[in-house]
Structure formats: structure tokens, C-alpha cells
Amino acid sequence: MARTKAPALPEHDLLTVDRDALRPLAERMRPRTLDDMVGQRRLLAPNTAVRRAIESGRVHSMILWGPPGCGKTTLAQLLAHYADAEFRAVSAVLVGLPEVRQVLAEAGLRFSEGRRTVLFVDEVHRFNKAQQDAFLPHIERGTIIFVGATTENPSFELNSALLSRCRVHVMEAVSPDDIAIALQRAMDDEERGLGGRGLQVAPEQLQLIARAADGDVRRGLTFLEIAADLAGEGGVVTDATIEQVLADRTRRFDKGGEQFYDQISALHKCVRSSNPDAALYWLARMLDGGADPSYLARRITRMAVEDIGLADPRALQMSIEAWDAYDRLGSPEGELALAQAVIYLATTAKSNAAYTAFNTARDDVRELGTLEVPMHFRNAPTKLMKQLGYGKGYQYDHDAAGGIALDQTGFPDAMGERVYYTPSERGLEARFKDKLDALRAARAQARGEDDEA
């Protein structure tokens, strides 16, 4: 039997498909001018120094520091556009030093032909010191206009040599109102956006998406594109569609970066300032962002010993019990135990007297070196040691009047007496203070010193 001939491919086969239509909405809607960018008014508002420099084409090497989706890549591309320079981008996550050297060699050849190169290095903080040093001579010669993007604090993640050759510009998370502007532009744009699809999205739904984007324009446009795909051509985006798109979204959080340490700092300081409501908020933020609950349990225990101390010794016990409860229950049930501990620590009496006392004693140890133990405190298990005076003059406190040998010093002879622990007048420490004040005065009198000594 003769085989039937296969039908010919249509003219609009895979080789002729509009490639632009395959790009994500966020990429298609990337701003083409500075006026198209949303947010970053402090940095890019009309007549600011940075904007004037960019528009005049007099751009400089820089580090762009900001959260994801705030426009770092877009700004780098616009720098190249306004400077009439070649734009090259590399990611520190994907390339190594050989690839970087190849890009730099191409930039050098281009420079010799009278054309500049804007080299955009995404996630520049992931390059080690040697890799970062590779850019230095090229920045100095002007072979490249270096633009590094980072979500981490450059002071910690970039070496000083690179920082000295670049200006650091801080970019901020984009507000929900500005993200809503970007979303509306995508809705209206028939060339690059969704304007030709007859899509119906209510303004309040765009606001929901803008808030859910959590400062990330790219994320907001991605949510909108998913909603559009679920609605179909000419479709109406319903509240149920929005709920489906935004389900199980995660908030912006970096488990090891500056944002992480800023949030644990906020949690600790809210406990210290007796603000249980704010402390609970930061605990919930960190748990929501994926922070390790065991790490949080350890930090909560530290708060108990550092900021509550002996004003309420139960705080340490409760913190350890909460830690143990989390280990036994896991998430999410165990998180409630951590929350209870945070509430208790934030609410109870505070004192850093023990923390301060220990640090002061440790400073004396470091400063004064290895001082001898007083003879009366030394053990004398042998006859020779007794003959040498070990243990001589020791007073057994239980045999002394009142159960305390008042005239017996506890410090090395070369130090004299010291006062490290000064109890607060809060919580249980108020009772400690009364007792220690009287005891210290009695000891000073027994040594023949003034009460104020």
C-alpha cells in the first residue's frame, strides 16, 4: 500500500514563531527609558545627580545594592543605552574566572576600537576576593564601566579595593503603589503587554497582586501573567483566580544575609524593650521566611540570660523548655512554644546585670594576666604544701558568725576587692540588691574600710 504524503508544515512553523511572545511578561515589559522605571525616586528622580549623569552619558562604575526585583538589571541596561555602550552581563552564580577573562578581553578589544562596555555582574558578592580583583585594572583603565548588583551589604561581601573604585547606590524595595503602576502599564500595553487580549482585571485585584509581590516588580508581573493565562483570551480574572495565583507565596527573606540579621536584631531588641506584640511579629516574620526554628530557640535562650538574667531566673528555664518542646513537636506546633517564650521574655522584668558583671570580670582576666590564687584558698593535701602556707588562715564560712567570713577576701592579693555584679531594682534582683548592699558594707567594715570603698 502506498504511504500517504505527510502534510506540509504551515509557514508559521517553530522557526518563524514570534520569539518575543515566548519571553515572560516581566522581561517584555522591562523599561526602555528612565521614565519607565517605577520606584527608586530618591535615586532617579528628575534632576538628581545620578539621573543627570546617566542622561548625559557620563556614567561611572558602581555597585547597585538592593532586594530582588527592584530594577538593578534594568538600570544597568539603561546605563549602557544612555552611554551608547555595549552591554554585557555575567552572573557570578553561573560563570567562573575563565569566562570573566574572556568577557574582559572582548571589552578591551572594543575599547581599542573606541567603544565602551558596560559590564553587569549579577550577584557580584558570590565572587571570591581573587575573582573580584580581576576587574580592578580594567575599571582603572576605563576598559569597562563596571556595574555590580548585590542583595547583600557590600561592606561585608565585597573587598575594599573594588569598593574604592565604585560608588555604592542603594536601591529600595518597590512600593505596592508603584508595582500597581507597572501592572497597569502591562495591562494597557498592546505591543509588549496584555493589552490586546481583552483581559479584565479589577483595580483592587491589581492592588492585591502588588502587595503580594512584596517589593519585587518582576514577581508582580509574573503573578499577573499567571492570572492572565488562567483566565484565557478575553477572560475575566476572578477573585478565585487571584486567590489561586497568590496561594502559598513566600515573603522576601534571606536566611544568611543582612536581612536575616536585621530581623533577628529587631526580635531581640523588641524583647529587650518589653514589647511582646512587636517581638511576636518579628518571630512570625522569621518563621514565615524559613528561618531555622532551632536557631531562633537558641537566640531566645540567649535573650533570657543576656537581658532578663536574675531579674527572673524562670525566663531561662522557660526558654530551654520551649526549645525542648520544639524539638519534640516540630513545626508548626512547636512554634507556639517559641512564641510563648518570646511573650514571657518580653513581658517579664529585665536586667543585664549578670551579663555586664561577667563581661567585666572577663576583661579583668584578660588585662591582669595569670594572678596567683590567695594562699588561704589553696588546697593543702600534702605536708609540704601545709608547710609552705597553703590553706593557712582560711575561714570556714559555716563556722563564722552569720555564716559568712566577712574579712576574708576572694580575689588575688594583687587585685584587691572588685565589684562586678550590681543588681537592678527589678524583679527578683531587687531582693539580691538589698542583701548584697548590706553584705558588701559589712565586708568593707570588717576590713576596716569606709562603707563607700
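Bear in mind that the values in this text are calculations on the coordinates, not laboratory data. Bear in mind the structure is a predicted one, so any value in this text is a computation, not a measurement. So basically every Cβ, Gly included, is an ideal-geometry build from the backbone, and we count neighbours across all protein chains shown.
Taking only pairs that are 8 or more places apart or on different chains, how many Lys pairs in the chain have Cα atoms under 25 angstrom apart?
Values: Lys72/Lys129; Lys72/Lys255; Lys129/Lys255; Lys255/Lys269; Lys269/Lys350; Lys350/Lys433; Lys350/Lys435; Lys383/Lys392.
Step by step, the pairs that qualify in the chain add up to 8.
In a shell of Cβ-Cβ distance under 12 Å around Tyr390, excluding Tyr390 itself, what net charge do Lys and Arg (+1) and Asp and Glu (-1) give?
Net local charge, Tyr390 excluded: +3.
Antiparallel as a % of all DSSP beta bridges within the chain, to the nearest 5? Don't jump to the answer; show the numbers that get you there.
Working: 0 of 19 bridges.
The antiparallel fraction comes to roughly 0 percent.
If you place +1 on the Cβ of every Lys and Arg, -1 on the Cβ of every Asp and Glu, and leave all else neutral, what size is the dipole of the chain about its Cα centre, to the nearest 20 Debye?
It works out to roughly 1100 debye.
Give me the percent relative contact order of the chain, please, defined on Cα pairs under 8 angstrom at least 6 residues apart. Numbers along the way, then the final one.
Values: 613 pairs, mean separation 47.5, N = 453.
Reported as a whole number, the value is 10 percent.
Just rank Leu194, Leu388, Leu199, fewest to most, by other beta-carbon atoms within 10 angstrom. Walk me through the intermediate numbers first.
Values: Leu194 23, Leu388 13, Leu199 20.
Ordered by Cβ neighbours within 10 Å, fewest first: Leu388, Leu199, Leu194.
What relative contact order, as a whole-number percentage, does the stretch 365-446 give when Cα pairs under 8 Å and 6 or more residues apart are counted?
With pairs under 8 Å counted, the relative contact order is 22 percent.
Quick one: which residues, 5+ away or cross-chain, put their amide H under 5 Å from the amide H of Ala89? H built at 1.01 Å from N.
Residues meeting the criterion, in which the H sits 1.01 Å from N, are Phe120.
For the Cα atoms of the chain, what angle does the longest principal axis make with the long axis of helix 217-231, in degrees from 0 to 90, nearest 10?
With both axes taken from Cα atoms, the answer is about 60 degrees.
Given the -39500 (n - 2.57) contribution per DSSP H run of 4+ residues, what per-residue ellipticity at 222 nm results for the chain, rounded to the nearest 500 deg cm²/dmol?
-14500 deg cm²/dmol
Which one of Val118, Pro276, Leu316 is farthest out on the positive end of the charge dipole of the chain, using unit charges on Cβ (Lys, Arg +1; Asp, Glu -1) and the Cα centre as origin?
Val118
Please give the peptides 76-86, 166-176, 100-110 ranked by average Cβ packing (other Cβ atoms within 10 Å per residue), highest first, as a rough proxy for protection.
Peptide ranking by packing, descending: 76-86, 166-176, 100-110.
Using every pair of alpha-carbon atoms in the stretch 258-347, split the distances into 5 Å bins beginning at 0 and state the percent of pairs per bin, rounded to integers.
In whole percents, the pair-distance histogram is 3, 17, 30, 27, 17, 6, 1.
Distance in nm between label sites at Asp288 and Asp188, each 7 Å beyond Cα in the beta-carbon direction?
Inter-label distance under the simple model: 3.2 nm.
With a 10 Å radius around each residue's Cβ, average the other Cβ atoms per peptide and rank 326-337, 210-221, highest first.
Output ranking for 326-337, 210-221: 210-221, 326-337.
Could you work out the relative contact order of the stretch 40-170, using alpha carbon pairs under 8 angstrom and six or more residues apart, expressed as a whole percent?
Relative CO of the stretch 40-170 lands at 34 percent.
When the Karplus curve 6.51 cos²θ - 1.76 cosθ + 1.60 is applied with θ = phi - 60°, which whole-Hz ³J(HN,Hα) does each residue of the stretch 342-356 get, with x for Gly and Pro?
Each residue of the stretch 342-356 in turn: 4, 4, 5, 4, 6, 8, 7, 5, 10, 7, 9, 4, 5, 4, 5 Hz.
Does anyone have the angle between helix 203-212 and the longest principal axis of the chain? Alpha-carbon axes, 0 to 90°, nearest 10?
Computed tilt is about 50 degrees.
Could you go through the stretch 291-298 in sequence order and give the Karplus-derived ³J(HN,Hα) for each residue, using 6.51 cos²θ - 1.76 cosθ + 1.60 with θ = phi - 60°, rounded to whole Hz, and x for Gly and Pro?
Per residue, the Karplus-derived 3J(HN,Hα) values read 5, 5, x, 5, 5, 5, 4, 5 Hz.
Whose amide H sits under 5 Å from the amide H of Met62, counting only residues 5 or more places off or on another chain, with H placed in the peptide plane?
Under 5 Å from the amide H of Met62 lie the amide H atoms of Phe146, Val147, Gly148, Arg167, each far enough along the sequence or on another chain.
Please arrange Leu310, Leu206 by counting, for each residue, the other beta carbons lying within 10 Å of its beta carbon, fewest first.
Fewest-to-most ranking of Leu310, Leu206: Leu310, Leu206.
Counting other C-beta atoms within 10 Å, which of Lys392, Lys350 has the fewest, and how do the rest follow?
Taking fewest neighbouring Cβ atoms as first place, the list is Lys392, Lys350.
If you line up the Cα atoms of the stretch 40-170 on their principal axes, what length do they span on each, largest first, in Å?
40, 36, 24
Taking the alpha carbon gyration tensor of the chain, what are the square roots of 5 times its eigenvalues, largest first, to the nearest whole Å?
65, 31, 21
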